[in-house]
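Notes to accompany the following structure.
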Amino acid sequence: MESKNTQLKLHQRIELEIDGVGASGEGVGHLCGRAVFVPRALPGELVAARVVHLGSRKAVAEPQKILRPSSDRIVPVCSAFGRCGGCQLMHADYPAQIGLKRAILQDALRTIAKLEPVSVPVAPAPGPLGYRNRGQYPVARKKGKVVTGFYASRSHDVVAVSECHIHDPRVDRAVACVRAWAGHKRVPVYDERRHRGFLRHVVVRVAEGTGEVLVVLVGRGEQSLPVGDLVRRLQKKLPGIVGVLLNINPARTNVILGGSNRVLWGRGWVEESFLSLKLKLSVGSFFQVNTAQAKVLFGKVRRFIGRPAGAVVDAYCGVGVLASLLSKAGHETVGIDSFAPAVKDAEIIAADNRVQTAVFHCGRTEKLLPRLVSHGIKPKAVILDPPRKGCAPEVVDAAAESGAEKIAYISCHPGTLSRDLKRFFDLGYRLETIEGVDMFPQTFHLEVFAGLVRT
């Protein structure tokens, strides 16, 4: 091993002490003046690795052998771990995973939000396996066989996976039925490079509260399909199957779903029972993938907002679950989302649940929120649940200028959360509470709830 060299070289073999964790769950060590990121390595380990990327300040090395394993290291339950890009922390026992996620969050808060070091509580999942209620599986043909699985890290090479341990087992059973059916009926499989073939993805949604299952075939275009045989296979394995859809996506794109759906059998949605609501969820409806932890997260938000005392604006409201829950608890709520189908779903959910004090608007928060305020709405609280990229500066400004006493910020990215917290601090808010909720065991992702109050 060449760990004593003063300069790292590409493809060099090194020995490295892992003393930290990176933002994507990698182990981090330091050598020759650089931070070296090693996937699937844990703090406290000594690893033999090969340098595969060199930057000016950091390097990436692929682990070759664990010379001194951590006591937190376990044998991953999945044989595809390390090849499939879906999970990053399955080599660590679950309590250690929580510790790593807490460290990632606290590092972002310290370096980006400039917060003094604090120990952030993280609510662990009641079950670290089998928790995902929705799965999206690319389809490929390998060695003449139809396979389903997940893309290898940073590629579009499909790693064949017959059992994904983080999904509800019913998702895997549904995908297995489609895989066997497609092979038996010789359904043309999509070739991404040539933009030919038909079957691109299989998407499955499971309603945890009712047991209903929806199966979606994503195809490149319209095609006559022998659906009867597929339905018989699904009914044999999944008593809760309620619908089979064809989603049409003709584009050369990384986006999984296209813009049109056709019901091939049954109906195009599942009914979910969630807390006090009945939800109709279609294939495109945004809903948290971990039902049990969504209840924990929403409970934290509701407790922070407190008793009804003025309007609550739910920006990025999706299908309006949180807005409807708050409305049923006595709040006047206003939901905003830029995705028109989500707003339509939110209105349907509110109507189905006899929610009287929630209204929904389609548009951008930075434009709609100031307009609502100018028309007389005085929000007590604003809920922000943006995508991973966080809030645009204009959204933060609009939330602060609305006069809201409280900001409830839900984030799945510690880095962008920390950036936006800093912006709120500069606009006169302080952090009252921050808590993690582990929605995504076995991965580096962490859902975080931050509650801010006006100073």
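Readers should treat all values here as calculations from the given coordinates under stated rules, not as data from a laboratory. Worth saying up front: this structure is predicted, and the values here are computed from it rather than measured. Positions of Cβ are generated from backbone atoms using ideal geometry, with glycine treated the same way; all protein chains shown enter the neighbour counts.
Remarks
- Low-density loop positions, trypsin sites (Lys or Arg not before Pro), the range 336-366 - DSSP coil, at most 13 other Cβ in 10 Å: Arg354
- Ranked for footprinting exposure by Cβ neighbours inside 10 Å, fewest first, Asp345, Asp397 give Asp397, Asp345.
- The reciprocal of the average 1/r between distinct C-alpha atoms defines the Kirkwood hydrodynamic radius, which for the range 41-153 equals 17.3 Å.
- The peptide list 272-282, 39-49, put in order of mean Cβ contacts within 10 Å with the highest first, becomes 39-49, 272-282.
- For His361, net neighbour charge (Lys/Arg +1, Asp/Glu -1) across residues whose Cβ lies under 15 Å away: -2
- Bridge orientation summary for the range 134-274: considering DSSP beta bridges with both residues in this region, about 75 percent are antiparallel.
- Rounded to 5, percent antiparallel among DSSP beta bridges of the chain: 65
- Membrane-span-like helices of the chain, defined as complete DSSP H segments with a Cα extent of 15 Å or more along the helix axis and a mean Kyte hydropathy of at least -1.0, are identified as 94-111, 169-184, 227-237, 291-305, 340-352, 414-426.
- Kirkwood hydrodynamic radius over Cα pairs of the range 290-454, then Stokes diffusion coefficient at 4 °C and 1.567 mPa s, in µm²/s: 82
- Positive contributions from Lys and Arg (+1) and negative ones from Asp and Glu (-1), summed over other residues with Cβ under 10 Å from the Cβ of Thr148, come out at 0.
- Maximal additional length on extending the Tyr151-Lys114 stretch stands at 9.7 nm, based on 0.36 nm per residue less the C-alpha distance.
- Report note on the peptides 294-301, 312-319: ranked by the mean count of other C-beta atoms within 10 Å, highest first, their order is 312-319, 294-301.
- Summed residue charge, Cβ within 14 Å of Cys164's Cβ, Lys/Arg positive, Asp/Glu negative: +3
- Calculated mean residue ellipticity, 222 nm, the chain: -8000 deg cm²/dmol, from DSSP H runs (n ≥ 4) at -39500 (n - 2.57) each, averaged per residue and rounded to 500.
- Percent of beta bridges antiparallel (DSSP, the range 290-454, rounded to nearest 5): 45
- Cα gyration tensor shape for the chain, rounded if a/c is under 1.5, else prolate or oblate: oblate
- Proxy reagent accessibility, fewest Cβ within 10 Å first, across Thr433, Thr416, Thr148: Thr433, Thr416, Thr148
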